[in-house]
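Everything on this sheet refers to the single structure shown next.
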Amino acid sequence: MNLYNIKHPEEQVTFSQAVRQGLGRDQGLFFPEVIPQLNNIDELLELPLVERSQKILGALIGEELPKATLDEMVKNAFTFTVPLEKVEDNIYALELFHGPTLAFKDFGGRFMAQALAAVRGDGKITILTATSGDTGAAVAHAFYGLENINVVILYPKGKISPLQEKLFCTLGGNIRTVAINADFDACQALVKQAFDDAELRQAIGLNSANSINISRLLAQVCYYFEAVAQLPKEKCDNVVVSVPSGNFGNLTAGLIAKTLGLPIKRFVASTNVNDTVPRYLKSGNWDPKTTVATLSNAMDVSRPNNWPRVEELFKRNGWNLSDLGSGMLSDSETEDTLKAMNAEGYVCEPHGAIAYQVLKDQLKAGETGIFLCTAHPAKFKESVERILGIQLSLPEALDKHNQLPLLSDEMDNDFAQLRAYLLK
């Protein structure tokens, strides 16, 4: 598999290099040179998740990794189910929260850990990543206890849910977590500064586990196929998928699935009030505002890292950006949506609720809608219980970590301080 740096297309790397390196020169994102057209989609959709995913990732990655190695990586990563639940007549929820950290990031985090273990070579590796909520837990659990791999996770202090924080800030060992006195965009900017520091990068073997890493992105392609595979056959012709969007890696993965040949009619990018992309699609002006803290904190991103990949796909495929649906919900609208969904018998959380409502508002006659549920409602226990007036029991994975003390360090938004911390 050959990939190029979107900012500097002359910089070309293999899949193994892209996994180890994370980012290209000038913080450019790596992107596959070729995305094949799969001509056996109907046969693929008949297969179980793991077997189908082995074939999809095999087609994308090519012969760079031995088939047996790649098949084992997929089998070790995808160890949980992905139910498609009917919410109303033509709207379905794809539940991506049945993995060990109860969020969709388990797919990418676990596959990336397998990929890095397979291609790492010698030398130390430090994973540095920023999280607005769920990435931190998925990465921490995927890499916890792996030999000679240290992980440092930055997150905005006080701006993720307490249960999200407990899930990845209680592990210790090779996992270090740092609460930054700033917002997620500032955390992300610190990560980028670290990658721009060649001396630091070399000294600690710097790598990123954000959705900027191509291995995470490719893993997410697989669950879009699983969504369509579970639909009744008569509903597979006009499928519209709504993606709760923050950093836009999830949407990128869906667009790759469509490029491979998965029959998805169109996508809808659903955001909270941090709506840089919906505004851009309407006006043509890229105008990020200051990030606002919301109920759907994993989407509190004003400068989405993966947007260049979305534009690259549209350009390469000859698609028109005006065909990408988009919309946003305020916190009060999100609360109203959660109540309406609960009245229909489906308990959701803020990110999934936004994806549902924007989809519902834009779904046309004869279309079937799928919205992605990216986290278990119990990860947002306090807000969901308050809004719905119900009691949620904690799944065992959450309850266990909820009893443990936080092990996080705290730091100002200061790169010199972070640099010293990483070199410790």
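The values are calculated or read from the model by the stated rules, or taken from the named source; none is laboratory data. Note that this is a predicted model, so its numbers are computed, not measured. Note that each Cβ is placed from the backbone with ideal geometry, even for glycine, and that neighbours are counted across all protein chains shown. Ligands, DNA and RNA are excluded from the accessible area calculation, which covers all protein heavy atoms including side chains. Shrake-Rupley method; radii C 1.70, N 1.55, O 1.52, S 1.80 Å.
Only one of the numbered conditions (1) open to solvent by 70 Å² or more (accessible area, probe 1.4 Å); (2) out of contact with any helix residue (DSSP H, G or I) (no Cβ under 8 Å at 6 or more places or on another chain) is not met by ARG303, and that is (2).
The residues of region 258-282 that are over 19 Å from LEU45 (Cβ atoms), among the polar types (S, T, N, Q) and assigned to a helix (DSSP H, G or I) amount to a single one, THR276.
Selection over region 215-234 of residues that are open to solvent by 20 Å² or more (accessible area, probe 1.4 Å) and of a type in the set (Gly, Ala, Ser) gives a count of 1. Considering PHE111, PHE97, PHE107, the condition of being under 26 Å from LEU60 (Cα atoms), in contact with a His (Cβ under 7 Å, 6 or more places away or on another chain), touching a residue at least 12 places away in the same chain (Cβ under 8 Å) and buried (at least 24 other Cβ atoms within 10 Å of the Cβ) is satisfied by PHE97 alone. Among residues that are surrounded by 15 or more Cβ atoms within 10 Å (Cβ to Cβ), touching a Ser or Thr at 6+ places or on another chain (Cβ under 6 Å) and either small (Gly, Ala, Ser) or in contact (Cβ under 8 Å) with a residue 24 or more places away in the chain (or both), VAL19 is included.
The rows are residues; the columns are (1) of a type in the set (Phe, Trp, Tyr); (2) at pLDDT 95 or above; (3) under 16 Å from the mean Cα position of the chain (by Cα).
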position	(1), (2), (3)
THR276	no, yes, no
MET299	no, no, yes
ARG309	no, yes, yes
ARG316	no, yes, no
SER332	no, yes, no
ALA353	no, yes, no
GLN362	no, yes, no
PRO377	no, yes, no
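For region 301-412, please list each of the strands (runs of 3 or more DSSP E) lying entirely inside it that holds at least 1 residues being hydrophobic (A, V, I, L, M, F, W, C) and within 15 Å of ASN272 (Cβ to Cβ). Step through it out loud before you land on a result.
Values: elements: 325-328, 368-373, 409-411.
Qualifying strands (runs of 3 or more DSSP E): 325-328, 368-373.
Selection of region 345-356 for residues being open to solvent by 40 Å² or more (accessible area, probe 1.4 Å) and touching a residue at least 40 places away in the same chain (Cβ under 8 Å) yields only VAL347.
What do you reckon, is ALA209 surrounded by fewer than 23 Cβ atoms within 10 Å (Cβ to Cβ) and either assigned to a helix (DSSP H, G or I) or on the phi < 0 side of the Ramachandran plot (or both)?
Values: surrounded by fewer than 23 Cβ atoms within 10 Å (Cβ to Cβ): no; either assigned to a helix (DSSP H, G or I) or on the phi < 0 side of the Ramachandran plot (or both): yes.
No, not satisfied.
Tell me yes or no: at least one residue of region 75-90 is open to solvent by less than 20 Å² (accessible area, probe 1.4 Å) and more than 17 Å from the chain's Cα centre (by Cα). Among the residues of region 75-90, at least one is open to solvent by less than 20 Å² (accessible area, probe 1.4 Å) and more than 17 Å from the chain's Cα centre (by Cα), which makes the answer yes. Cβ separations smaller than 6 Å between residues 6+ apart or across chains give the following pairs from region 122-151 residues that are open to solvent by less than 50 Å² (accessible area, probe 1.4 Å) to residues that are basic (Lys, Arg): ASP134/LYS105; THR135/LYS105; ALA138/LYS105; ALA142/ARG110. Among residues of region 22-37 being surrounded by fewer than 16 Cβ atoms within 10 Å (Cβ to Cβ) and without any contact (Cβ under 8 Å) to a residue 60 or more places away in the chain, the one that is farthest from ASP196 (Cα to Cα) is VAL34.
Scanning region 219-239 for any residue that is within 26 Å of GLN54 (Cβ to Cβ) and hydroxyl-bearing (Ser, Thr, Tyr) turns up at least one such residue. Criterion applied to ASN285, ASN250 was being modelled with pLDDT of 95 or more and part of a loop (DSSP other than H, G, I, E, B), and the one residue passing it is ASN285.
Among the conditions (1) open to solvent by 50 Å² or more (accessible area, probe 1.4 Å); (2) touching a Cys at 6+ places or on another chain (Cβ under 7 Å), the only one that SER53 does not satisfy is (1). Among the conditions (1) under 21 Å from GLY99 (Cβ atoms); (2) surrounded by 24 or more Cβ atoms within 10 Å (Cβ to Cβ), the only one that ASN174 does not satisfy is (2). Is it true that LEU388 is modelled with pLDDT of 95 or more, over 22 Å from LEU102 (Cα atoms), open to solvent by 10 Å² or more (accessible area, probe 1.4 Å) and not acidic (Asp, Glu)? Against the criterion (modelled with pLDDT of 95 or more, over 22 Å from LEU102 (Cα atoms), open to solvent by 10 Å² or more (accessible area, probe 1.4 Å) and not acidic (Asp, Glu)), LEU388 does not qualify. Can you pull out the residues in region 238-257 that are more than 11 Å from the chain's Cα centre (by Cα) and either free of Cβ contacts under 8 Å to residues at least 12 places away in the same chain or under 14 Å from GLN362 (Cβ atoms) (or both)? Selection gives ASN238, VAL239, VAL240, VAL241, SER242.
For region 66-89, the set of residues classified as part of a loop (DSSP other than H, G, I, E, B) and modelled with pLDDT of 95 or more consists of PRO66, PHE78, THR79, PHE80, THR81, VAL82, PRO83, listed by residue number.
Does ILE160 satisfy being assigned to a loop (DSSP other than H, G, I, E, B) and buried (at least 22 other Cβ atoms within 10 Å of the Cβ)? It would help to see each step written out before you state the result.
Numbers: assigned to a loop (DSSP other than H, G, I, E, B): yes; buried (at least 22 other Cβ atoms within 10 Å of the Cβ): yes.
Taking the combined requirement at face value, the residue satisfies it.
In the set (1) in contact with a Lys or Arg (Cβ under 6 Å, 6 or more places away or on another chain); (2) open to solvent by 10 Å² or more (accessible area, probe 1.4 Å), the condition left unmet by VAL239 is number (2).
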